[in-house]
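Heads up: the structure comes next, in structure tokens.
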Amino acid sequence: MVRYTDDQIQKLILEHYNGKKIYILAPVVRGRKGHYKELFEQIQRKGFISARIDGVITELKHGLKLDRYKTHNIEVVIDKLEIGEVYGKQLNDSVKIAMDQGKGICMILEKDTEEPKYFSRSLMCPVSGISYDEPAPHSFSFNSPQGACTHCSGLGNVTEIDNEKIIPDPSLSIKKGGIFPLGPYKNSLIFWQLDSIASKFGFTMNTPVGRYLRKQ
């Protein structure tokens with residue numbers, strides 16, 4: 001994990017990319033779904049004319065939107081330049097703008113190799129660009145939302161459905177108690193609802209449960 005000041009970032013860029021052509025980018029979307037039409041409009045209103053969308057530098061046009069059901073990565077193109085001493089002020093300004101737009105993270109993309117490198121004011125993995133908050137006691141506590149396991153929410157147990165306990169005998173119909181927690185048919189709302197579902201999907205309350213489960 002590393003983090004840099006703006007001056008350190010500029011120094012590293014000058015050392016690593018001297019004489020090379022680069023893009024200075026600001027990551028704004030990483031691994032999220034959506035069409036992002038409104039985001040592209042906001043970017044254009046700020047005066048930026050292009051973005052790197054899923055690895056491709058794209059000119060921003062009115063009405064541009066993506067497939068909302070696919071996962072996307074979007075970086076705003078802040079500047080394109082060839083690194084050298086004459087670009088000191090331009091580099092300084094571009095890095096600061098990238099940091100502001102990328103919420104403390106900027107991405108450098110070498111034009112010839114298209115190899116990205118990330119720089120951040122916060123703790124960050126320099127390879128993936130994943131940034132982390134400052135460590136604090138609650139970051140390591142199972143009893144805190146910030147430190148709890150995301151799979152079990154810090155409880156140590158995960159509730160899952162056991163199909164064999166819900167439907168222990170697939171040869172039974174719903175009417176005869178095929179869904180064990182519900183028991184045999186009763187004149188109640190839940191069974192009226194199941195009857196409607198059965199009619200819609202082409203089976204009856206007398207159909208063995210295992211028969212239509214296999215169809216799924």
Residue check: is Gly19 over 18 Å from Met99 (Cβ atoms), surrounded by fewer than 18 Cβ atoms within 10 Å (Cβ to Cβ), modelled with pLDDT of 90 or more and not hydrophobic (A, V, I, L, M, F, W, C)? no
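Residues that are within 25 Å of Arg3 (Cα to Cα) and modelled with pLDDT of 95 or more: does the stretch 36-50 have at least one?
No.
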Residues that are within 17 Å of Lys80 (Cα to Cα) and either of a type in the set (Ser, Thr, Tyr) or not assigned by TED's automatic domain parsing to the domain that holds Glu110 (or both), drawn from the stretch 31-63: Ser50, Thr58
Listed residues Leu39, Leu64; which is surrounded by 11 or more Cβ atoms within 10 Å (Cβ to Cβ) and in a loop (DSSP other than H, G, I, E, B)? Leu64
Give me the helices (runs of 4 or more DSSP H) completely within the stretch 157-216, filtered to those with at least 1 residues that are more than 36 Å from the chain's Cα centre (by Cα), ordered by residue number. 189-201, 209-215
Those residues that are among the basic types (Lys, Arg) and either surrounded by 10 or more Cβ atoms within 10 Å (Cβ to Cβ) or modelled with pLDDT under 85 (or both), I need them from the stretch 195-216; list them, please. Arg211, Arg214, Lys215
Those residues of the stretch 78-114 which are surrounded by fewer than 15 Cβ atoms within 10 Å (Cβ to Cβ) and part of a strand (DSSP E or B), in sequence order: Glu82
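The values are calculated or read from the model by the stated rules, or taken from the named source; none is laboratory data. These figures come from a predicted structure and were not determined experimentally. As a convention, Cβ positions derive from the backbone with ideal geometry for all residues, glycine included, and neighbour counts pool all protein chains shown.
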